[in-house]
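Chemist: Provided herewith is a single structure, encoded as structure tokens, for subsequent inquiry.
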Amino acid sequence: MTIGDVIPRACQRPQPKPMHQNSRGRAFVPGERAPRLRWAVAAIVMGLLTLPVQSASAQKPPGLGYSFPPVVEIGKTTEVKLGGFDWTPDCEWFSHDEHVQLAVLGLPGDYHVPPPPYWFGPRASNPAMPIPREVDARWNVAATATPGLVRWQVANANGSSGTAMLLLSQDRECLESRSRDFPQRLLELPIAVSGRLSRLTEVDRYVFRSDRQGLITVELWARRLGSDFLPTIQVRDHAGSLIVDVADSQGLEVPFSFPVEAGEEYALSLHDVDFRGDRAYVYRLALRYGPNVDCMLPAAGQRGIVQSIEFVGVGIATRANRLESIRQDVQIPADPSRDQFLYALQTPFGSVSVTIPISDFVENRLTTGPNPSAERAEGAGAEVTSVTVAAAREQAIRESAQPIPMQIPSAMTRRLWRPHEEHRYQLTLEKDQYYSVDLQSRAIGGRLDVALRILGPDGQTVAEGDDSGGTTDAQLEFRAANSGLHTCIVRSVGAHRGDLDEIYRLAVARPQPDFALTIPQQLNLSVGGQVELPVQASRSGGIDSEIMLTVVGLPEGVTAEGELKIAAGKTETKVLLKAAADSAVVARPISVRGTAAAGEQVRDHGGSAGAAGNLSPRRPGDSRVARSMLAMTMPAPFEIHVVDRERQHDVHRGTTFLAELEIERKAGFQGELRLEMSAQQDRYRQGTRGPIVLLPPGADKAVYPCFLPEWLGTDLTRRIVIHGVGIVNDPRGTPRHLTRAAGSRITMIMEGALLKLNIPGTEFIAAPGAAFEVPVIVARSAKLPLPVTIALDVPEELRGSMRADPLELGPGEDRGNLRIATSDDPRLEGPWSLRIVATALQDGRWPVVSESAVSVNYQR
């Protein structure tokens, strides 16, 4: 068999995350009760969002995971690590915002296989999260950029990725940096810290001191950045008393506020609700002084009038630690070019900036306030008592039984006070006319999961709407079949408590004749081939004229063929894109524009595409981008066959299994090949991994080394999915890296270990600057008559301050002492867990590994 060089370190067990990067509990072991089982669902969701669906032997397009840090400051240049899947050295990188430039500074690094601790027992058979590799990169953000989320994307000759998220900030930002299990101190507020929950059971802790009495508001960005975890946040005061306990099981990422005293210290902890962790679980945690305005009634201001608005937030009326509301009269700007403005809301904690949307509708509100005395004076907020809340709630419930007439167009903002409550509105409609109904809660800061239904004059359902555009809000447009009184029913489909922020806004209008175009976000086009670009039109307001189309941004050598239009009365077409045989293999963002007549006017719009990345969108537009990524591709001229296909092989735990492969070369390809472990694996890894293997030109046989750690159970098969990468010049002579998945998986079943490392007594006391010895004992199987090397895995934080020369034990030796020396470094003080690894090499090359941990307490 022929095998090329294995990249150094590729067959070694992955380095665990340095202890200073996290604070964690213990893993779950057989017999313990595991947290709620959401791992499988989370892995599937992440896979769908980041990795294109393909057949088992298809090419492997690149996938995106994260930027770390996930936040960059506007007007600055920031160096980051980009994490993603199945990358090649020739990837092209794109930002979807012209104010944001991305430069990649190197090649993809090694695999980041999840480090310990691991799940054991039933959860060990769950699907695996994708395994990332990282590149160094630099974001350059112009000073004219707008704060908020932007998307980025990657493509190569095998296709394109989905989009991933980056947050642009004008705030003061810092990075997670901690020593071992100790909390990180945040020196001054306001501040935002970028961190990640990189391993199972991780709990990230922060401490801070308040320099004033008042409120602190906390906002977490995680799911909006593409991190698929559900956060739990707790805050404790200086006495250790729990004052905040937020479990965001719905992933809403709603800011929350809590009261603080001047000069007191507080501790905040963050973890996933199921204590999951992954390198892709990046987050931004922002803390600032002052209250947060959660929502408003009405949810928008009517242009050009003085609007009485009720603002809802914790403590904004009386400083109490509960949701309250105050009412103020607000002058809404008349400027027709503005769709929102900043308003300085006066609260007991000072002025708070609130963004108020501007509407051209009549904006109504119906609220029997749980704060009725706020009506008496502008800005006054009377204390809310349980009696007034209960009375207001009962009155509102009685009122909800009566249908409310609504003008068209107009909008109504209102609360739903109790479960299963329905609000009914009477709409007088005309036959054959079009009407749009927009029902929002999440988009306006409410907590309701809303749905709506339209009944005709005969009481029969004529239209229904629920989740729209990836959100829990609802939108619909319909044509009235009959004239007369119709009923619009608003309800909440989820549980709620009747809080002040459980509001919705219902807007009803006659839409103008118009259209919107939808295109796919990812499109592959093979050199010399063709592909259909589907374009869908969503027509509104009765427009039925033809829509003329233009495709913008096509790369050289690619043309759009045929009639570029959507015929009158139709809602879709397919534009044929053809690539010349001598086209360069490149990727380009393209867009589609449409033009149509609407009476005496002309409508001209660009299309949009559904985009991945934001797992917690507030509005339908949060999940769309204006451009599609067109990737020119080439077929890979080879196939990889696993000998014996998926027949399972007996493998000793802690050893390296050599899987036999056959390489089928096509179209005269005789170049080098790389064999790589694919990002998406079948099952939870528990440290199982493979290397990157280089095959010389012409090789038609190979072995792929699969390392299987000593702690793997014997009750489950273990599988590794691999793919090959070959370099072929495109028609313009540019080398392109082409990928193809192996036709089947490498399958193994575990047997007993060949090597075991034991350490008598696992707790030691030492002084910084002094050396101490750790006794070690190795047990070998008769199948392993080899020398063993004992080595210390020095924590990254202590490299340069701790060292240990490897200890060699010959085939007849089973005991020795590993001497660990340190410098007099104050960072050493306190407890440390050190990892000691025993390694033997079968055939002088393939690792057999056992490891153990020792606890060392450094004291002066």
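Chemist: Mind checking which lysines have their C-alpha under 19 Å from Lys783, skipping anything on the same chain fewer than 8 residues away?
Modeler: Within the straight-line limit of under 19 Å, Lys783 reaches these lysines: Lys756.
Chemist: Taking R0 as 51 Å, what FRET efficiency do you get between Arg209 and Arg424 from their Cβ-Cβ distance, rounded to the nearest 0.05?
Modeler: The value I calculate is 0.45.
Chemist: For the stretch 98-212, what is the Kirkwood estimate of the hydrodynamic radius, computed as the reciprocal of the mean inverse distance between distinct Cα atoms, to one decimal in Å?
Modeler: Hydrodynamic radius (Kirkwood, Cα pairs) of the stretch 98-212 is 18.1 Å.
Chemist: Follow-up question, since we're still on this one. Taking the Cα centre as origin and putting +1 on Lys and Arg beta-carbons and -1 on Asp and Glu beta-carbons, what dipole magnitude results for the chain, to the nearest 20 debye?
Modeler: 940 debye
Chemist: Something else now. When only DSSP loop residues count, what trypsin sites (Lys or Arg not before Pro) in the stretch 767-821 have their Cβ near at most 15 other Cβ atoms within 10 Å?
Modeler: Lys783
Chemist: Which value results when the Cα radius of gyration for the stretch 191-335 is divided by 2.2 N^0.38 Å?
Modeler: 1.21
Chemist: May I pose another question? Rounded to the nearest 10 Å², what accessible area does Phe341 show when all protein chains are kept and the probe is 1.4 Å?
Modeler: Per-residue accessible area (Phe341): approximately 20 Å².
Chemist: Working out 0.36 nm times the residue gap between Thr762 and Ala782, then minus their Cα-Cα distance, what length gain in nm do you get to one decimal?
Modeler: Working it through step by step, the gained length comes to 4.5 nm.
Chemist: Next up: Just name one of Ser744, Gln184, Gln346: the one whose Cα is farthest towards the positive end of the charge dipole of the chain (beta-carbon charges, Lys/Arg +1, Asp/Glu -1).
Modeler: Result: Ser744.
Chemist: Now, a different point. Above 20 Å lies some portion of the pair distances; for the stretch 621-705, what is it as a whole percent of all C-alpha pairs?
Modeler: 52 percent
Chemist: Using a probe of 1.4 angstrom, how much of the accessible area of the stretch 401-486 is carbon and sulfur, in percent?
Modeler: Carbon and sulfur: 41 percent of the exposed surface of the stretch 401-486.
Chemist: Also, I was wondering about something else. More than 15 angstrom separation, counting every C-alpha pair in the stretch 233-282; what % is that?
Modeler: Within the stretch 233-282, distances greater than 15 Å cover 54 percent of Cα pairs.
Chemist: Please list, by residue number, every one of the trypsin sites (Lys or Arg not before Pro) in the stretch 197-304 that is coil in DSSP and has at most 15 other beta-carbon atoms within 10 Å.
Modeler: When the trypsin sites (Lys or Arg not before Pro) of the stretch 197-304 are filtered for loop state and at most 15 Cβ neighbours within 10 Å, Arg212 remain.
Chemist: With viscosity set to 0.692 mPa s and temperature to 37 °C, compute the Stokes-Einstein D of the stretch 761-860, Rh being the Kirkwood radius across alpha carbon pairs; µm²/s, no decimals.
Modeler: 229 µm²/s
Chemist: Turning to a different aspect of this structure: Quick check: Cα centre of the stretch 699-737 to Cα centre of the stretch 760-839, how many Å?
Modeler: 33 Å
Chemist: What Kirkwood hydrodynamic radius, in Å, does the stretch 422-504 give when the mean of 1/r is taken over all pairs of distinct Cα atoms and then inverted?
Modeler: One decimal place: 13.3 Å for the Kirkwood radius.
Chemist: With N residues in the chain, what two-decimal value do you get for its Cα radius of gyration over 2.2 N^0.38 Å?
Modeler: Working it through for the chain, the quotient is 1.07.
Chemist: Evaluate E = 1/(1 + (r/R0)^6) for Arg510 and Ala567, where r is the Cβ-Cβ distance and R0 equals 30 Å; express this FRET efficiency to the nearest 0.05.
Modeler: The calculated FRET efficiency here is 0.70.
Chemist: Just list whichever of Lys76/Lys578; Lys81/Lys666; Lys60/Lys578 have alpha carbons separated by over 29 Å in the model shown.
Modeler: Violating the 29 Å limit, Cα to Cα: Lys76/Lys578; Lys81/Lys666.
Chemist: Between Ala286, Leu673, Ser616, whose Cα lies farthest towards the positive end of the dipole of the chain when Lys and Arg beta carbons carry +1 and Asp and Glu beta carbons carry -1, centred on the Cα centre?
Modeler: So the residue we want is Leu673.
Chemist: The stretch 451-599: percent of C-alpha pairs farther apart than 26 Å?
Modeler: Across the stretch 451-599, Cα pairs with separations above 26 Å total 48 percent.
Chemist: In what order, largest first, do Leu525, Leu694 sit by accessible area if the probe radius is 1.4 Å?
Modeler: Of Leu525, Leu694, the descending order of accessible area is Leu694, Leu525.
Chemist: Post the alpha-carbon centroid distance, the stretch 243-317 to the stretch 125-164, in whole angstrom.
Modeler: Spelled out, the Cα-based centre of one part sits 27 Å from the other.
Chemist: With each run of n ≥ 4 DSSP H residues scored as -39500 (n - 2.57), what mean residue ellipticity at 222 nm is computed for the chain after dividing by its residue count and rounding to the nearest 500 deg cm²/dmol?
Modeler: Rounded to the nearest 500, the figure is -1000 deg cm²/dmol.
Chemist: Over the alpha carbons of the stretch 565-625, what is the largest minus smallest coordinate on each principal axis, giving the biggest first in Å?
Modeler: Here the Cα extents, ordered largest to smallest, are 45, 35, 18 Å.
The values are calculated or read from the model by the stated rules, or taken from the named source; none is laboratory data. Not measured: the values here are computed from a predicted model. Cβ: placed from backbone, ideal geometry, glycine included. Neighbour counts: every protein chain shown. For the accessible areas, the whole protein counts, side chains as well, though only heavy atoms, and no ligand, DNA or RNA atoms are used. Shrake-Rupley method; radii C 1.70, N 1.55, O 1.52, S 1.80 Å.
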